[in-house]
Amino acid sequence: MKAPIAAVLGALLVAGCQTSDTAMTSLDSFVGQSTDAFFARHGAPRTQFALDNGGMTYTWVGGHRVVRVPDLSQRKTTPAATSPSGFSRQTTNTKVSVSNPSPGTTVTRTTSTSASVNFNPTALFDAPEPEPERTVVQQCELQIAADADGIIQSVTVRRDTQGDLPWRSRCSDLFGA
């Protein structure tokens with residue numbers, strides 16, 4: 001049962017690294033528009049490079065943020081029957097009472113309750129540790145080619161990390177529906 005689940009999760013993570021068709025369609029909609037309009041809306045380019053034909057190639061990086069994510073693969077589990085503190089309690093008490101309500105009749109009444117304290121050092125000292133966090137950098141990096149008039153000719157995704165959800169990319173978060 002674990003193998004199919006792992007395969008599905010793996011496929012989702014791999015899919016998360018791919019820019020969605022919706023985001024690509026949105027990025028393609030910038031072709032033919034002014035670079036000034038793009039950069040005014042989404043922020044300045046990180047680098048720019050002048051081309052021999054008078055055009056420019058820009059590297060734009062956006063949606064940059066650092067996210068802390070718990071590493072679920074390192075999670076330890078404690079058996080369900082074990083108290084997280086390593087202690088459990090049980091009491092035992094037995095009462096016997098004998099009475100003679102009438103001549104020739106003896107009634108013996110036994111009442112038992114039990115109690116004890118158990119200590120499980122394994123549960124106490126091998127308790128689950130807090131999940132270690134890992135740092136993930138999210139960002140979308142685009143290469144934008146423009147002609148001499150500053151009109152966008154092409155937009156190419158150069159780097160796209162996992163987005164807010166495991167099955168979305170960061171560029172999809174920024175430009176997808």
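Things to note:
- Listed by Cβ neighbour count within 10 Å, with the fewest neighbours leading, 102, 154 appear as 102, 154.
- Residue order, fewest to most beta carbons within 10 Å, for 172, 29: 29, 172
Just so you know, all these numbers are worked out from the coordinates, no wet-lab data involved. If you're wondering where the values come from, they're calculated on a predicted model, not measured in any experiment. Glycine gets a Cβ as well: all are built from the backbone with ideal geometry, and neighbour counts include every protein chain shown.
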